[in-house]
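Below is one structure; the comments refer to it alone.
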Amino acid sequence: MRIGMAWTGAGRLRRAATAGALVVALFGVAACTGTAPGGPVAAGSAPASTGAPPAPTGSATGGPPAAPAQVPDVLRFTGTTLGGAAFDAAQLAGKPVVLWFWAPWCATCASQAWTVAEIAPKYRDTVPIVGVAGLGERKAMKEFVTEFDLGGTPQIEDSKGALWKRFKVTEQSIFVIIDRSGTVVHEGFLDGEALTAKVAALAGA
């Protein structure tokens, strides 16, 4: 019985020694890597990934909507398009705007119409171009719009001259350009090349 007990005791000592050696080995590995298993990250090392998405650095989504742009006095007018739709210039607040005052019988207006038809769709959302037709009959105005493919651009009927008087326009063809703050930055004639350059500059401003 004593011999068996001695062998049993020796076995326990060997198992204890083996366990101790494993603990020492684990701490040795931890010392080589600079981190202890499950311990804090060593200074200067990259943190372990948690799998969570990075926190956004911009403004939080779902916040209150941006306040609408203040409507300058120059854009406080309404009208009716040649297509019969109501038009409110206040909707253009906060953007540069080009007002084009034309007449259906005007040869100069006809030469500018091709440029307006070409660039207006491109800058519809950044620099809207709005025609103001006057000094003529509604039928002739509509024919002018059809002939020069201006249907995609708002064209206000101003046969009574109310908007022409408001902007002190006394002749055609005149462009009134309003910047995004509501300041008139140009009023007068522009050929196609100059008009294109000014609209492109406003879009990039």
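Things to note:
- Entry remark, segment 84-132: residues being assigned to a strand (DSSP E or B) and without any contact (Cβ under 8 Å) to a residue 60 or more places away in the chain number 5 in total.
- Residue count for segment 96-151 satisfying the condition of being of a type in the set (S, T, N, Q) and in contact with a strand residue (DSSP E or B) (Cβ under 8 Å, 6 or more places away or on another chain): 1.
- Residue in segment 182-204 that is open to solvent by less than 80 Å² (accessible area, probe 1.4 Å), modelled with pLDDT of 95 or more, among the acidic types (Asp, Glu) and closer than 26 Å to residue 71 by Cα present: no
- Top-ranked residue of segment 66-123 - restricted to ones that are among the polar types (S, T, N, Q) and in contact with a Gly (Cβ under 7 Å, 6 or more places away or on another chain), ranked as least open to solvent (accessible area, probe 1.4 Å): 112
The values are calculated or read from the model by the stated rules, or taken from the named source; none is laboratory data. All of these numbers come straight from a predicted model, not from anything done at the bench. Here the Cβ is made from the backbone with ideal geometry for all residues, glycine too, and neighbour counts use every protein chain on show. When the accessible area is computed, the model is the full protein with side chains, heavy atoms only, and any ligands, DNA or RNA have been set aside. Shrake-Rupley method; radii C 1.70, N 1.55, O 1.52, S 1.80 Å.
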